[in-house]
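Take a look at the structure below.
The values are calculated or read from the model by the stated rules, or taken from the named source; none is laboratory data. Note that the coordinates shown come from a computational prediction; the quantities given were computed from them, not determined experimentally. FYI the Cβ positions are ideal-geometry reconstructions off the backbone, even for glycines, and counts take in every protein chain you see.
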Amino acid sequence: MKKFNKHFILSILFLFFTLNTYSYRVKESPTERFKIENFKDEIKKTNFKFDEFGKAKDYGILGYYNFVPLKSNGKISAYACLTHLKVYDRHEPFIVIVSLDGKIIDYSIPEAKKKHFPLNSDNVKKMVIGKDKNNVKMDAVAGSTFHVPAINAELKNILNIFEYRKEIIRKDEVKV
């Protein structure tokens, strides 16, 4: 009987920790709300001025990286990319404006909480604006030690995808 009680208690503890871990992981699904159409107002607030959005497409193969063309004078002048940063138990949207030559024009973390808000400042943005995939690197401290490395990784990923998948992302551009 003692052996049964011991196994029963261990099984209950195992089940308890397994369910807690699972519920922590699925607290928020990033694919549900992270559609670029939901963040058009936030894209307009960036430091890049444009006239209209191009057609947003489902690129499929790009996973959770969503791109939309930004048009000025009827021509595509840049691309906005929406992805997300995993921060503790939630996902924060991360918007990056990429020039046609693959350089960062601006970025925004629209839902940055108080301790991460300095990452949206012009002083921190200056570190990465104008950089390409070979020299993009942010060196800042804001809130947590995890946030800045996550931003560095996502910036590099976005610029790599923009270059390596350009035949998918940029197929609507008119070749001159």
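See the values below:
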{"item": "N47 free of Cβ contacts under 8 Å to residues at least 12 places away in the same chain and outside any strand (DSSP E or B)", "result": "no"}
{"item": "Filter result for L155 (of a type in the set (A, V, I, L, M), under 17 Å from the mean Cα position of the chain (by Cα), modelled with pLDDT under 85 and buried (at least 16 other Cβ atoms within 10 Å of the Cβ))", "result": "no"}
{"item": "Of all residues making up the stretch 87-128, the number that are part of a strand (DSSP E or B), of a type in the set (V, I, T) and either crowded, with 21+ Cβ neighbours inside 10 Å or modelled with pLDDT of 85 or more (or both)", "result": "6"}
{"item": "Qualifying residue in the stretch 26-36 (condition: closer than 30 Å to N120 by Cβ, modelled with pLDDT under 70, of a type in the set (D, E) and exposed (fewer than 10 other Cβ atoms within 10 Å of the Cβ))", "result": "yes"}
